[in-house]
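Okay, so here's the structure we're looking at.
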Amino acid sequence: MCYYVIIRGPLGVGKSTIARSLAKFLRAKYVSIDLILRKHGLDKAHYEGIPAQNFIKANKIILPEVKAKLKSDRIVIFDGCFYHKKQIQHIIKALSAPHYIFTLKAPLKVCIARDSKRKTSYGKDAATAVHNLVSRFDYGTVINTNKKTIAQTIKRVLSYLP
């Protein structure tokens, strides 16, 4: 059965770690929205973060490949902050396959601490801004990653997938 999964949440919550591990476990195609934004110069933030239209442009760049993967019965895992509902709705409208959306959550202090341990940290201000933007709304199934191991979080996500 082909479907796609969106893993969303603030910076430092564990999205990429969970999404990559999940993709490996499911032998799925992994899609990093952040990488697409950077690669195409769409990652320039304004007062409200990166504009929704930049995320839509990133969607349009990757959707042909995603459609091909889904058509060939391959699962696709999207990894990104997804702090604009428009971006999520654009993907849902463009793809006819079943989908599962997960919002990962952790306290701001935890996200800042996790970010500070990265090789390339985005910093407290960026972590705070993205946390605030993502926290404006929940979408799909909410999973708290605070005090959870990667394995526990992946097990929880898998419990919702076919």
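The values are calculated or read from the model by the stated rules, or taken from the named source; none is laboratory data. Because the structure is predicted, anything quoted here is derived from the model rather than measured. When we count neighbours, we look across all protein chains shown, and the Cβ atoms used for this are built from the backbone with ideal geometry, even at glycine.
To keep it simple, each residue is scored yes or no on (1) within 16 Å of the chain's Cα centre (by Cα); (2) farther than 21 Å from Gln89 by Cβ; (3) among the basic types (Lys, Arg).
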position: Asp34; (1), (2), (3): yes, no, no
position: Arg38; (1), (2), (3): yes, yes, yes
position: Leu63; (1), (2), (3): yes, no, no
position: Lys71; (1), (2), (3): no, yes, yes
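Among the listed residues Phe25, Phe102, identify the single one that is buried (at least 22 other Cβ atoms within 10 Å of the Cβ) and among the aromatic types (Phe, Trp, Tyr). Before you say what the answer is, go through the steps one by one.
On the way: Phe25 fails: buried (at least 22 other Cβ atoms within 10 Å of the Cβ).
Sole residue among the options that is buried (at least 22 other Cβ atoms within 10 Å of the Cβ) and among the aromatic types (Phe, Trp, Tyr): Phe102.
I'd like the full set of residues that are free of Cβ contacts under 8 Å to residues at least 24 places away in the same chain, charged (D, E, K, R) and in a helix (DSSP H, G or I), limited to the stretch 30-51. Of everything in the stretch 30-51, those that are free of Cβ contacts under 8 Å to residues at least 24 places away in the same chain, charged (D, E, K, R) and in a helix (DSSP H, G or I) turn out to be Arg38, Lys39. Going by what's in this entry, would Ala126 be described as touching a Leu at 6+ places or on another chain (Cβ under 9 Å), touching a residue at least 60 places away in the same chain (Cβ under 8 Å), surrounded by 14 or more Cβ atoms within 10 Å (Cβ to Cβ) and within 27 Å of Tyr47 (Cβ to Cβ)? Yes: the conditions hold for Ala126. Report whether or not Ile33 is buried (at least 19 other Cβ atoms within 10 Å of the Cβ), touching an Asp or Glu at 6+ places or on another chain (Cβ under 8 Å) and modelled with pLDDT under 95. So Ile33 does not fit the description; no.
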